[in-house]
1. Given 0.36 nm per residue, what is the gain on full extension from L92 to A135 after removing their alpha carbon distance, in nm?
2. Taking 0.36 nm per residue of separation and subtracting the Cα-Cα distance, what length does fully extending M77 through M17 add?
3. For L99 paired with Q42, estimate the spin-label separation in nm (one decimal), with each label point 7 Å from Cα along the Cα-to-Cβ line.
4. Note down the net charge around Q48, summing +1 for each Lys or Arg and -1 for each Asp or Glu among other residues with Cβ under 12 Å from its Cβ.
5. Cross-link list K37/K112; K37/K85; K100/K122: which exceed 26 angstrom alpha carbon to alpha carbon?
6. Count charges around T102 for me, please; just the other residues with Cβ under 12 Å from its Cβ, Lys/Arg as +1, Asp/Glu as -1.
7. Describe numerically, in nm with one decimal, the distance between label points set 7 Å from Cα along Cα→Cβ at D63 and at E110.
8. Rg and Dmax of the chain over Cα atoms: what are they, in angstrom?
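Readers should treat all values here as calculations from the given coordinates under stated rules, not as data from a laboratory. Keep in mind that what you see is a predicted model, and the values were worked out from it rather than measured. Reconstructed Cβ throughout: ideal geometry from the backbone, glycine too, with neighbour counts over all protein chains shown.
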Amino acid sequence: RALKNNQTTMANLGANMAAAVDAEVAKYRELQEEISKLRSDQQTLMGQQNENEMVKQELDLLDDSANVYKMVGPVLMKNDLDDAKQTVEKRLEFITGELKKTEKSIEEKEKKSAEVAEKVQKMQSAMQTAAAEAARQVAQQQS
């Protein structure tokens, strides 16, 4: 009877530990998905930054008398060169700020993800140790 109670207790403990590990693994996967989305956002921002840098370089090549047009919906509208340069500069500042925020978020999520991965490893190791100990106890009680 004591053996049966001990086995039931060990089984419950194992199930609780397994559930805790599963919860941490789910948290880890969620963090990985968030990191993946942030990296995708980062790529988009980098593409926008490159595009705006090229526009800025082209605008810098123009002399003050050049005509500059801006697309507004389906229509090209004449735009002042200085206004165009300021608009591109502001856009670059905004994109640079967003890139910094995204990079910081990626770093934070990666750090958190590494912590969760380490926790899962420790929990799995503890489960293996507990299972080995339980098996040893059962074998000892049966002999």
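1. Working: separation 43, 0.36 × 43 = 15.48 nm, distance 6.34 nm.
Residue separation times 0.36 nm, minus the Cα-Cα distance, leaves 9.1 nm.
2. Values: separation 60, 0.36 × 60 = 21.60 nm, distance 6.60 nm.
Full extension from M77 to M17 adds 15.0 nm.
3. That separation, rounded to one decimal, is 1.2 nm.
4. Working: positive: R91; negative: D41, E51, E53, E98.
Taking every other residue near Q48 into account, the sum is -3.
5. K37/K85; K100/K122
6. Details: positive: K37, R39, K100, K101, K104, K109; negative: E34, D41, E98, E103, E107, E108.
Combined, the nearby Lys, Arg, Asp and Glu give 0.
7. 4.9
8. 29.7, 99
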